[in-house]
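Peer 1: Questions regarding the structure given below will be posed in turn.
Nothing in this text is a laboratory measurement; each read-out follows from the coordinates by a stated rule. Note that the coordinates shown come from a computational prediction; the quantities given were computed from them, not determined experimentally. Methodologically, a virtual Cβ is constructed for each residue, glycine included, from the backbone with ideal geometry; neighbour enumeration extends over all protein chains shown.
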Amino acid sequence: MTKWIFLSHFINESTPMYGNDISFQTQSVKSIKQGDSCNTSQWIFSNHTGTHIDCPFHFYEKGRKISDYTPDFWIIKKSQLIDINTNPGEIISISHFPFETIAPDIEVLMIKTGFYRFRNQEKYWQNNPGLHPDLSNILRNNFKNLKMIGIDFISVSSFQHRSLGREAHKAFLSHDQHPILLIEDMNLSDIESKTQIIQIFIAPILVENADASPCTVITEVQL
């Protein structure tokens, strides 16, 4: 027996934003309660809102965009979750990684720190962990099929170490090598490292020439 699980957070007006940027906004356009024939609304939000995926174009003018990837790219057969304990503002480096436990044919690697528990607090965006840029080449060189890294905190860039965070984005998304896309602000609360993941589907909002896009990520797991 299997079960399907959302690995994305629902977007709402309380969705935290990196740097405390303006969050999701919604405005009613038509309302049945007001006598209209239907309900419709207008949404205003950044393309880095909620669970979203960064592409190389985010940091490289010649990098690939959302619209440059074929549909099959977003269907993942080989994925894995690892647990890494971290402190607020800490940079996850090579020494944190259990490389020996990662499957060699991995396509998506998800990092669960538990920092999602602070998503309704200011420190979620103000003092989030980050990834060290040196991780990118080790992962790239040792896991040739790796397409994406997913994290349960707001950005691979720690807000307390923004210069290093920019370097991390560039290192992972490097367009002249094998880019590793970044799925930030994932909801990993319902899966564990021992969970048997069968497949993952990633559905970004399909906006032409986008550097990033909010995405719905769902997984099928074995019960």
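Peer 1: Name every residue in region 140-169 that is touching a Leu at 6+ places or on another chain (Cβ under 9 Å) and of a type in the set (Lys, Arg), in order of residue number.
Peer 2: Arg140, Lys147
Peer 1: Does any residue in region 16-40 that is more than 20 Å from Met186 (Cβ to Cβ) come within less than 8 Å, Cβ to Cβ, of a residue that is in a loop (DSSP other than H, G, I, E, B) and among the hydrophobic types (A, V, I, L, M, F, W, C) six or more places away or on a different chain, and which pairs are these?
Peer 2: From region 16-40, the pairs are Gln25/Phe45; Lys30/Cys38; Ile32/Cys38.
Peer 1: Would you mind telling me which numbered condition in (1) closer than 18 Å to Thr219 by Cβ; (2) of a type outside the set (S, T, N, Q); (3) under 19 Å from the mean Cα position of the chain (by Cα) Phe45 fails?
Peer 2: The failed condition is (1).
Peer 1: Going by the structure shown, is Ser189 in contact with a Leu (Cβ under 6 Å, 6 or more places away or on another chain), touching a residue at least 60 places away in the same chain (Cβ under 8 Å) and not charged (D, E, K, R)?
Peer 2: On the way: in contact with a Leu (Cβ under 6 Å, 6 or more places away or on another chain): no; touching a residue at least 60 places away in the same chain (Cβ under 8 Å): yes; not charged (D, E, K, R): yes.
Criteria not met by Ser189.
Peer 1: Turning to a different aspect of this structure: Any residue in region 193-210 that is touching a residue at least 12 places away in the same chain (Cβ under 8 Å) sitting within a Cβ distance under 8 Å of a residue that is among the acidic types (Asp, Glu)? List the pairs, counting only those 6 or more apart or interchain.
Peer 2: Listed by first residue and then by second, the contacts come to Ser193/Asp83; Ile197/Glu220; Ile198/Glu220; Gln199/Glu220; Ile200/Glu220.
Peer 1: Any idea which residue in region 163-177 is surrounded by the most Cβ atoms within 10 Å (Cβ to Cβ), counting only those that are over 15 Å from His58 (Cα atoms) and out of contact with any Gly (no Cβ under 8 Å at 6 or more places or on another chain)? It would help to see each step written out before you state the result.
Peer 2: Step one: of region 163-177, the residues over 15 Å from His58 (Cα atoms) are 163-164, 177.
Pick out the ones that are also out of contact with any Gly (no Cβ under 8 Å at 6 or more places or on another chain) and you get 163, 177.
Details: Ser163: 8, Gln177: 14.
Among those that are over 15 Å from His58 (Cα atoms) and out of contact with any Gly (no Cβ under 8 Å at 6 or more places or on another chain), it is Gln177.
Peer 1: Scan region 183-223 residue by residue and report those that are buried (at least 22 other Cβ atoms within 10 Å of the Cβ), assigned to a strand (DSSP E or B) and acidic (Asp, Glu).
Peer 2: If the condition is that a residue be buried (at least 22 other Cβ atoms within 10 Å of the Cβ), assigned to a strand (DSSP E or B) and acidic (Asp, Glu), then Glu184 is the only one that fits.
Peer 1: Restricting the search to region 98-119, which residues are buried (at least 18 other Cβ atoms within 10 Å of the Cβ) and in contact (Cβ under 8 Å) with a residue 40 or more places away in the chain?
Peer 2: Within region 98-119, Ile106, Glu107, Val108, Leu109, Met110, Ile111, Lys112, Thr113, Tyr116, Arg119 qualify.
Peer 1: Please list, ordered by residue number, the strands (runs of 3 or more DSSP E) wholly in region 1-50 having 3 or more residues that are in contact with a Ser or Thr (Cβ under 6 Å, 6 or more places away or on another chain) and farther than 30 Å from Val108 by Cβ. Don't jump to the end; show me each part of the working.
Peer 2: Working: elements: 2-6, 25-30, 40-44.
Output list reads 25-30.
Peer 1: Also, quick follow-up: Would you kindly identify the helices (runs of 4 or more DSSP H) lying entirely within region 87-182 that contain at least 3 residues that are farther than 28 Å from Gln199 by Cα? Walk me through it before giving the result.
Peer 2: Values: elements: 123-126, 134-142, 162-173.
Because the criterion is at least 3 residues that are farther than 28 Å from Gln199 by Cα, the helices (runs of 4 or more DSSP H) in region 87-182 that meet it are 123-126, 162-173.
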